[in-house]
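The values are calculated or read from the model by the stated rules, or taken from the named source; none is laboratory data. Since this is a predicted model, take the numbers as computed values, not measurements. Reconstructed Cβ throughout: ideal geometry from the backbone, glycine too, with neighbour counts over all protein chains shown. Accessible surface areas use protein heavy atoms only, side chains included; no ligands, DNA or RNA. Shrake-Rupley method; radii C 1.70, N 1.55, O 1.52, S 1.80 Å.
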2 protein chains.
Amino acid sequence: MAIDNSLFGEYSSAAFSAYTGVRVIMTAAANPFMARAIELSLENVRSGCGGPFGAVIVRHGQIIAEGVNQVTSRNDPTAHAEVLAIRGACAKLASFELKDCELYTSCEPCPMCLGAIYWARLARLYYANTADDAAGIGFDDSFIYREIQAVHARRRIPTAQLMRDEALAAFRAWADKPDKIAY
Amino acid sequence: MAIDNSLFGEYSSAAFSAYTGVRVIMTAAANPFMARAIELSLENVRSGCGGPFGAVIVRHGQIIAEGVNQVTSRNDPTAHAEVLAIRGACAKLASFELKDCELYTSCEPCPMCLGAIYWARLARLYYANTADDAAGIGFDDSFIYREIQAVHARRRIPTAQLMRDEALAAFRAWADKPDKIAY
């Protein structure tokens, strides 16, 4: 993990103090990138943009993209902090992969975001709050983790398979396509 | 499942025929919404926009949004067919939930998309190809399903927790916020 310790001096806990009225004492274990993700999560509660989640993507010791939860303000259930940070970083780098990047997120990623992290092929992942912490304030993260591990027949959203024989035609076409861009 | 059987007459297998050179015989089990998702998946291979995946969202017997995989053409690893269909449907309805909608997707959703389906609170899910079928043509779906079920220490992307004490401040702020919009 490449951390430029000089960044510590630039980090301010003003956002914490303004919201909570309590000055956050940064511990020796404090990390400036995670501190920024946490700061974003606090700002997001204050602004009312969405849930208490923030994330940053770091490349070569520099933050290249940030995200906050904007589900309710954008009417987009996929607008989680991590997804928006990943989309922003990919746009910046004009790439669909982030192999030399790290993600710092103020909460353990939900299954949607963890899936996005794998598809983006991030190098490392750091989180602060846990999925159970999120469940404790009313979010579905732990529930969705359990659902994903359940067989289809036991999932809360009724799920059925249709027309596999017809759909396989597209997979055969992909396998046979000489000029495809794999990802 | 509300299906308007009159839609069968409107469905054309021309897209299949044009790509594969083989006319697809629709079976008695054919469903017009899944047929459209499959048609989109085939068109997407032909156009080169992305992987062989298509999805539609149906509300009250009508398709309200469609999506195809655009990961490589948009440089966005989250631009899966299901995610784009969900985002489109939410934009159309100006809502962050799709409780009275069904998703038809040409392939079993990856964990990212399944998470998005739960966050959108879709009523039902229909899929055609399986995650193992996708693995068979080089996609990571099954791998990511296995990773999500693994403990952090055994995951391929190194994962560590930092600064939970500091991050909990945002969760407390959320819990205490009187005017929050829960989702």
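Return one whole number: the accessible area per residue of region A:81-183 in Å², for a 1.4 Å probe.
Working: 3980 Å² over 103 residues.
Value for region A:81-183: 39 Å² per residue.
Sorted from shortest, what are the nm distances separating the label point of B:Tyr183 from equivalent points in the other copies, each placed 7 Å from Cα along Cα to C-beta?
Inter-copy label distances (nm, one decimal, shortest first): 2.2.
Jot down the radius of gyration and Dmax of region A:67-183, Cα atoms only, both in angstrom.
Answer for region A:67-183, Rg first and Dmax second: 17.3, 50 Å.
Cα-Cα over 32 Å: which of B:Lys99/B:Lys177; A:Lys180/B:Lys99; A:Lys92/B:Lys99; B:Lys92/B:Lys177; A:Lys92/B:Lys177; A:Lys177/B:Lys99? Numbers along the way, then the final one.
Values: B:Lys99/B:Lys177 26 Å; A:Lys180/B:Lys99 36 Å; A:Lys92/B:Lys99 34 Å; B:Lys92/B:Lys177 29 Å; A:Lys92/B:Lys177 34 Å; A:Lys177/B:Lys99 38 Å.
With Cα atoms farther than 32 Å apart: A:Lys180/B:Lys99; A:Lys92/B:Lys99; A:Lys92/B:Lys177; A:Lys177/B:Lys99.
Does region B:106-165 come out rounded, prolate or oblate, given a ≥ b ≥ c as the square roots of the eigenvalues of its C-alpha gyration tensor, rounded meaning a/c under 1.5 and, failing that, prolate meaning a/b above b/c? Present the calculation step by step, with values, prior to reporting the outcome.
On the way: a/c = 3.78, a/b = 1.44, b/c = 2.62.
Oblate shape, in that a/c is at least 1.5 and b/c is the bigger or equal ratio.
Name the long-range amide H neighbours of A:Thr130: under 5 Å, sequence gap of 5 or more, or other chain; modelled H, no Pro or chain starts.
A:Glu108
Using θ = phi - 60° and the Karplus form 6.51 cos²θ - 1.76 cosθ + 1.60, what ³J(HN,Hα) does each residue of region B:88-101 get, whole Hz, x for Gly and Pro?
Once rounded to whole Hz, the list reads x, 5, 5, 4, 5, 8, 6, 9, 9, 10, 10, 5, 9, 10.
For the pair A and B, how large is the buried accessible area, both sides, in square angstrom to the nearest 100, if the probe is 1.4 Å?
Values: alone 11480 and 11500 Å², together 14640 Å².
Interface between A and B: roughly 8300 Å².
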